[in-house]
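The block underneath contains the structure these notes are about, expressed in structure tokens.
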Amino acid sequence: MPSRVALPELVEDHRDEHWCRDETRRIASAADAERFVERVGFAACLSDSRKPGPSLYVAVCGRRDAVMPRNVQHDSEASLTWRIKDDVLRRGRVYYGKLGRGRAMFIAPRLVPYFNAVWGLKRADETRALSKDARAVLKVLRAEWEMATADLRAESGITETKRFGQALDELQAAMLVVPSEVLYEPRFTYIWTLAVERFPDELRKRVARETALREIARAFLQSAGMTVRGELARVAALSRPDAGKGNRALVSEGAAKKISEGVYRRADLDVD
């Protein structure tokens, strides 16, 4: 597993600095989190040190070995991460949603066009690519622009919880729908909206898929310093062939060095 590969200490130190895995760099507010996402390009929300890549939870903890406790309801760091996530979601200054494999991610606005080039779905392809349930939910949101979970379920006619959740995951993975607000009173609910409503310029910008893979790989390598076999694919929810294309494009332009099969390092990071 990529998370178990021993990295040079210089690379770990590089990640400590860029991924805020240091007590002096701990994330404590939504503004801190937004700056963090802008620096790293994209990050997971509640993953811990057992999974690769930058994570808001790890940055809140401020240490390399942060592990999410089993009972998160009574853990102060997990609770703070959740509150910051809610605030970031409300502010709408960075993209938040579930992409491939149901991975909840924050994405800096500058990288949204590149992720959309990989995951996004053109309107002409919706009938072919989306399930009937997903199209039903999308139709309601295009008419109403935003709606709470219960109302959206009722209006779309999808009353089964599992089916409705799968439809929302499908729409998030296609970068069509995002949560825009979370409410706890009178009961817990998300407010859902069209992604293009929040990030119109970024989602309407068209870039080549090859360019997108290269820029996603660049963002990760800049903050990671080095990437090992399968790591970029897991962190960015890419296929391994696509991750390889992105890394090899960086090698071609001189921004990265290939150390061995599947292992790449920033060209300006000397670990010898």
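Please treat every number below as a calculation from the coordinates, not as lab data. Keep in mind that this is a model prediction, so the values were computed, not measured. Quick reminder, even Gly has a Cβ in these numbers, built from the backbone with ideal geometry, and neighbours come from all protein chains shown.
List of remarks:
- Based on C-alpha pairs under 8 angstrom that are at least 6 apart in sequence, the chain has a relative contact order of 19 percent.
- The slack between Arg93 and Val251, meaning 0.36 nm per residue of separation minus the straight C-alpha distance, is 53.7 nm.
- Computed lengthening from Glu160 to Val72, 0.36 nm per intervening residue step minus Cα-Cα distance: 28.9 nm
- Shown here: Rg and Dmax of the Cα atoms in Å, derived from the displayed model; of the candidates (i) 18.8, 67; (ii) 23.1, 72; (iii) 18.9, 61, it corresponds to (iii).
- Given Lys98/Lys245; Lys51/Lys257; Lys139/Lys245; Lys51/Lys122, the pairs whose alpha carbons are separated by over 27 Å: Lys139/Lys245; Lys51/Lys122
- The stretch 2-107: translational diffusion in µm²/s, Stokes-Einstein, Kirkwood Rh over Cα pairs, 10 °C, 1.306 mPa s: 115
- Each label was represented as a point 7 Å from its Cα along the Cα-to-Cβ direction; for Glu185 and Arg128 these points are 5.0 nm apart.
- Cα-Cα P(r), the stretch 90-207, percent of pairs per 5 Å interval: 2, 12, 23, 25, 21, 11, 4, 1, 0
- Estimated from helical segments only, the mean residue ellipticity of the chain at 222 nm is -14000 deg cm²/dmol, where each DSSP H run of four or more residues counts as -39500 (n - 2.57).
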